[in-house]
Amino acid sequence: MSRSCRRLSLLRKSVLALLPWLLVLLTGAAPALAAEGWSLNDGAGHRLNARVFEQPFPEYPSGLRLRLNALESGTRLDHQEELVLSDSSGQEWSLPNRSEELVEKGRGPIPPGSAQFDLEALMPRPSEALPLHVAVPSAEGVLGFDLTPDEAMALHAMGSVPRGGDQA
């Protein structure tokens, strides 16, 4: 293979690898994507993955949701109780449990290690300057997690996240 053909092949592969990132940047979705998910650790052996997203199923009300997934197989999250967020100034938010939305209606059981909550109830948005504590209902009782400043900032900034048809 000639040297110019190798360069052309390398350039083509590089452009194809960068194309998805370029599309994200051009549509303005990069900040929203960067703040959508994180890992939580309570220091007592419970670890969760948290992700913010727009409800995808048309049979459920639209809006932003917070999905929690246990990273240990034995952790069972509650599918009925609300998630409670609180800050250091005494402000508290109760987010309705929407775990039934984890699966399409009539499409099987709710995964025991997952739960989902309605972020529309997070009003007014938490201050970006105050630490946030999350109380997650589980079969073992309430699990407590402290959010990092970046995670608290992501929840504060949710009012500016594009929704529904506005997303690319």
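The values are calculated or read from the model by the stated rules, or taken from the named source; none is laboratory data. Just so it is clear, the structure is predicted and the values come from calculations on it, not from any experiment. We place every Cβ from the backbone using ideal geometry, glycine too, and count neighbours over all the protein chains shown. Protein only, heavy atoms only, side chains kept; ligands, DNA and RNA dropped before computing areas. Shrake-Rupley method; radii C 1.70, N 1.55, O 1.52, S 1.80 Å.
Of note:
- FRET efficiency for the pair GLU72 and ARG107, taken as 1/(1 + (r/R0)^6) with r the Cβ-Cβ distance and R0 = 25 Å, rounds to 0.50.
- Relative to one another, the C-alpha centroids of region 107-160 and region 44-65 are positioned 10 Å apart.
- Computed over region 43-121: relative contact order in percent, which uses C-alpha pairs under 8 Å that are six or more apart: 32
- Computed E for TYR60/SER94 - FRET, C-beta separation, R0 25 angstrom, nearest 0.05: 0.80
- Accessible surface comparison of MET123, MET158, MET153, probe 1.4 Å, protein chains only, largest first: the order is MET123, MET153, MET158.
- Rounded to whole numbers, the Karplus 3J(HN,Hα) couplings from phi for region 46-60 are 9, 10, 10, 9, 10, 9, 9, 7, 8, 4, x, 7, x, 7, 10 Hz, using 6.51 cos²θ - 1.76 cosθ + 1.60 with θ = phi - 60°, and x at Gly and Pro.
- Sparse-neighbourhood loop sites, GluC sites (Glu not before Pro) in region 89-155 - DSSP loop, at most 16 other Cβ within 10 angstrom: GLU104, GLU128, GLU140
- Accessible area expressed per residue, region 46-168, with surrounding protein chains retained (probe 1.4 Å, Å²): 51
- Net charge, GLY45 excluded, C-beta distance under 15 Å - Lys, Arg +1, Asp, Glu -1: -1
- Stretching ASN49 away from VAL142 to a fully extended chain increases their span by 31.8 nm, per 0.36 nm per residue minus the current alpha-carbon distance.
- For LEU83, the residues whose amide H sits under 5 Å from its own are LEU95, ASN97, ignoring neighbours fewer than 5 places away on the same chain, with H placed 1.01 Å from N.
- Global geometry of region 43-168, whether rounded, prolate or oblate, following the gyration tensor of its Cα atoms and the 1.5 cut on a/c: oblate
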